[in-house]
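Asker: One structure coming up, written as structure tokens, with questions to follow.
The values are calculated or read from the model by the stated rules, or taken from the named source; none is laboratory data. As the structure is a prediction and not an experimental result, all values here were calculated from the model. Heads up, the Cβs are rebuilt from the backbone with ideal geometry, glycines too, and the neighbour counts pull from every protein chain shown.
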Amino acid sequence: MFTGLIREIGRVKGYRNNILSISSKHPAKIGDSIAVNGICLTVIKTHPEGFELELADETRSIIDESKLKGEVHIEPAMQLSDRFEGHILQGHIDCIGEVLSITKRTNGVDYIIGVEPQYTTYIVPKGSIAIDGVSLTVNDVYDRSFRLTIIPHTLNQTLIRHYTKGTKVNIETDLFARYLEHILVRRLNPKKSLDWSDIDAISMGY
């Protein structure tokens, strides 16, 4: 489990044969779970400069492997003794989004992120979302995109400051929205997809 608060900017030393080698100050141990750009991976080897992780075929089929180079966000899995901030993340990427526009504001920067329309079901206005592992708040949701306003502190502490129009990003949507839809769809009609109008109708019945 993760919180979406980036602990370090690591650097990719190499990526070959599904093995990702990271240069990092984090004292990783074999078997540790570490999120790299929001992707939950397992440490299989350590070295003086960092650690190595292995990517499963399922993971590789979802993420944008071209981003596994240069600098990356690093977050070790949270411990029970940690202070809980951000929001609950699993490190399971749902889809790839794309930066459609960037607009500077007085106290932040607006990013419009495009996604396939089926994923906006799980993106909630004023709810949380993870972009490349960074916990952020959603401002508005549209048919095929959503809007974020990112404050200067977050920009300074993450790689989001380097994003440009067309940048691809790993997206993990809201965990509870995914669970809610799955439960309701299976309970009401296992052959039918549920949208938010259905959920509203169910809520009005109580």
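Asker: When you scan region 30-39, do you find a residue that is in contact with a His (Cβ under 9 Å, 6 or more places away or on another chain), in a loop (DSSP other than H, G, I, E, B) and not acidic (D, E), even just one?
Answerer: Yes - at least one qualifying residue is present in region 30-39.
Asker: Looking at (1) under 21 Å from H26 (Cα atoms); (2) free of Cβ contacts under 8 Å to residues at least 12 places away in the same chain, can you tell me which one A77 breaks?
Answerer: Failed condition: (2).
Asker: Is it the case that S23 is surrounded by 13 or more Cβ atoms within 10 Å (Cβ to Cβ) and of a type in the set (S, T, N, Q)?
Answerer: Yes; evaluated as a whole, the condition is true for this residue.
Asker: List the strands (runs of 3 or more DSSP E) that sit entirely inside region 96-197 and contain at least 2 residues that are among the hydroxyl-bearing types (S, T, Y) and either buried (at least 19 other Cβ atoms within 10 Å of the Cβ) or more than 14 Å from the chain's Cα centre (by Cα) (or both).
Answerer: Output list reads 145-150.
Asker: A further question follows. Considering only region 58-78, how many residues are within 23 Å of N156 (Cα to Cα) and basic (K, R)?
Answerer: Residues that pass the stated criteria total 2.
Asker: Can you tell which of Y206, Y142, Y179 is modelled with pLDDT under 95 and farther than 27 Å from T59 by Cβ?
Answerer: Among Y206, Y142, Y179, only Y206 is modelled with pLDDT under 95 and farther than 27 Å from T59 by Cβ.
Asker: Could you please find all residues in region 124-134 being modelled with pLDDT of 95 or more and either touching a helix residue (DSSP H, G or I) at 6+ places or on another chain (Cβ under 8 Å) or at negative phi (or both)?
Answerer: Across region 124-134, the qualifying residues are I129, A130, I131, D132, V134.
Asker: Also, I was wondering about something else. Does E49 meet the test of being more than 21 Å from I131 (Cα to Cα) and not small (G, A, S)?
Answerer: Here the answer is yes, as E49 does meet what is asked.
Asker: Of the conditions (1) surrounded by fewer than 19 Cβ atoms within 10 Å (Cβ to Cβ); (2) in contact (Cβ under 8 Å) with a residue 12 or more places away in the chain; (3) more than 20 Å from T167 (Cβ to Cβ), V43 clears all except one; give me its number.
Answerer: V43 satisfies all of (1) surrounded by fewer than 19 Cβ atoms within 10 Å (Cβ to Cβ); (2) in contact (Cβ under 8 Å) with a residue 12 or more places away in the chain; (3) more than 20 Å from T167 (Cβ to Cβ) except (1).
Asker: If only one of G86, G10, G50, G38 is crowded, with 17+ Cβ neighbours inside 10 Å, modelled with pLDDT of 95 or more, within 22 Å of I112 (Cα to Cα) and not hydrophobic (A, V, I, L, M, F, W, C), which one is it?
Answerer: G38
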